[in-house]
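To start, the structure under review is shown below, and the notes come after it.
The values are calculated or read from the model by the stated rules, or taken from the named source; none is laboratory data. Keep in mind that what you see is a predicted model, and the values were worked out from it rather than measured. For neighbour counting, all protein chains shown are included, and Cβ atoms are generated from backbone atoms with ideal geometry for every residue, glycine included.
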Amino acid sequence: MSIKLLSTEVSSKIAAGEVIERPSSVVKELIENALDAGADTISIVIDEGGIELIRITDNGIGIESKEVELAFKRYSTSKISSIESLNNISTLGFRGEALASISSVSRLTLITRSKNNDYGKKNHTKQWFNHRSSRYWSTSWHINIC
């Protein structure tokens, strides 16, 4: 058996398994994101133990439209910016791995709008759309584990 370099797709799924071990890991990460975003209301719907559906909706501050796509790139985060920042972490999430990992192992729909934007962003299976969302800012995740 010869040694070969794994494809990006395969290596991403392996790396995602370090952060997202099971559907409950998805729920945990998204609840932590909601709390870090200042949400005081979080709705969770789970079907078939999270294999068929995980839907999480919160009333946190939302993600700025111009930053939504960047949020899904590995190691992108709003929580830290330097080595020194690691000594003063006051949030639940900070590594910038969760959204990239969730996206690589699922069919994901995200609808988000920040209070500073009239339009939000919608992601469905890695395609981005401008989205006229409700009059309230919020974030909604609809996830099917692949």
The lone exception for I31 - which of (1) within 15 Å of the chain's Cα centre (by Cα); (2) modelled with pLDDT under 80 it fails
(2)
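Mind counting the residues in the stretch 17-42 that are loosely packed, with under 15 Cβ neighbours inside 10 Å and in a loop (DSSP other than H, G, I, E, B)? Before you say what the answer is, go through the steps one by one.
Looking only at the stretch 17-42, we keep the residues that are loosely packed, with under 15 Cβ neighbours inside 10 Å, and these are 17-18, 21-22, 24, 38, 40-41.
Now restrict to residues that are in a loop (DSSP other than H, G, I, E, B): 21-22, 38, 40-41.
Counting residues in the stretch 17-42 that are loosely packed, with under 15 Cβ neighbours inside 10 Å and in a loop (DSSP other than H, G, I, E, B) gives 5.
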So the check is Cβ under 7 Å with 6+ separation or different chains; which pairs have a first residue in the stretch 50-78 that's under 12 Å from A37 (Cα atoms) and a second one that's of a type in the set (V, I, T) and assigned to a strand (DSSP E or B)?
D58/I42; D58/T139; G60/T139; G62/T112; G62/T139; I63/T112; I63/T139
